[in-house]
Amino acid sequence: MSDFSAYSAHEFGPLCTVLRSVMDITAKPGEPIMLVGASARDLIHRGLGFDSELASTTDIDIAIAVADRFAYQSVVTNLEPEGDTRIRFRIDKWSVDLIPFGGIENPSGTAVPHPDGQTVDVFAFQEVLDGAELYRLPEGIEVRVPTAAGYAALKIKAWVDKGALGWTKHARDLSYVCMWYQNSPGLNDSLYDYEKDADLFELANFDQDLASTYLLGRHIRATIGDDLADQLGTLWNPASRKLMASSERNDRFLPSAKARDYDTRLQYFDAIHATLSAVQSPGHDD
């Protein structure tokens, strides 16, 4: 558990206030919630011990496990809708996406929260929740947050769905996850264990940064399972990875020129894809 309970709630902006309000209407048995999006990213970053600044955002995205459409409607019935997504609401003066998943999914990975049949993509949300970590925040708030690998899985799927439409932030965020894996012993120490992931060093020609991205792909596969990993690997095709590598390259919060280099980023994304897909060698023509 990452414990930030000794911090001031003000250090987390509106997050604690919004979570408290959401928990007041959703904290029922069988209806856990999970923080996703940029707020989750920032907590993972801090939980891994990084204090560098990341791209700022006012997004607050909260996934709610609900049994069915009626359960979701009971949660949001008294909230003020915002925009046209039909899952965004005004809570404590902030825009908050309340994303339904769990029993409401039909088929798996697709939620239908409204009678008119409009769908919400929640690919791998349940699997990411199953592996999520508990974070303790100020004012007694505890919330589930994806692991770094779970967060990466959601980001890759979001990129596949929206990257070509101009939602380039997902490319930036996946680069942050690569940075975490390359610089956090808590994530990459298994590379030095011959009984675990040391084989990835050889696969990466003993490049520690590249080996770490292979490890990320392996962890994504372990997090979401073989079937979903195979689906994601197919969707995240070579053209999609190339476009992703070219996007958000000038993000000033990336720590080095290497992290912004197109060829290097593509190499990292191909490495993630290789082990995510259980392919033994990376390439652009798979």
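The values are calculated or read from the model by the stated rules, or taken from the named source; none is laboratory data. Bear in mind the structure is a predicted one, so any value in this text is a computation, not a measurement. Quick reminder, even Gly has a Cβ in these numbers, built from the backbone with ideal geometry, and neighbours come from all protein chains shown. Heavy atoms of the whole protein, side chains included, go into the accessibility calculation; ligands, DNA and RNA do not. Shrake-Rupley method; radii C 1.70, N 1.55, O 1.52, S 1.80 Å.
Checked against the criterion of being in contact (Cβ under 8 Å) with a residue 24 or more places away in the chain and either on the phi < 0 side of the Ramachandran plot or hydroxyl-bearing (Ser, Thr, Tyr) (or both), the candidates Ala158, Ala164 yield just one match: Ala164. For the stretch 157-226, the helices (runs of 4 or more DSSP H) that sit wholly inside it and include 1 or more residues that are closer than 21 Å to Asp261 by Cα and open to solvent by 10 Å² or more (accessible area, probe 1.4 Å) are 169-183, 208-224. Here Ser246 meets the list (1) open to solvent by 10 Å² or more (accessible area, probe 1.4 Å); (2) closer than 24 Å to Leu43 by Cα; (3) touching a residue at least 12 places away in the same chain (Cβ under 8 Å) almost entirely, failing just condition (2).
Quick check: anything in the stretch 78-91 within 30 Å of Gly186 (Cβ to Cβ) and at pLDDT 95 or above? Scanning the stretch 78-91, I find no residue that is within 30 Å of Gly186 (Cβ to Cβ) and at pLDDT 95 or above, so the answer is no. Looking only at the stretch 92-111, filter to residues that are in a loop (DSSP other than H, G, I, E, B) and either out of contact with any helix residue (DSSP H, G or I) (no Cβ under 6 Å at 6 or more places or on another chain) or at pLDDT 95 or above (or both); which one of those is surrounded by the most Cβ atoms within 10 Å (Cβ to Cβ)? By that ranking, first place goes to Ile104.
Of the residues that sit in the stretch 130-154 and are part of a helix (DSSP H, G or I) and open to solvent by 20 Å² or more (accessible area, probe 1.4 Å), which one is nearest to Ser212 (Cα to Cα)? Looking at the filtered set, the residue picked out is Leu154.
Screening the candidates Ser56, Ser5 for the property of being of a type outside the set (Asp, Glu), without any contact (Cβ under 8 Å) to a residue 24 or more places away in the chain and closer than 21 Å to Thr147 by Cα yields one hit, Ser56.
Of Ala71, Ala63, Ala40, all but one fail to be in contact with a Phe, Trp or Tyr (Cβ under 7 Å, 6 or more places away or on another chain), open to solvent by less than 60 Å² (accessible area, probe 1.4 Å) and assigned to a helix (DSSP H, G or I); the exception is Ala40.
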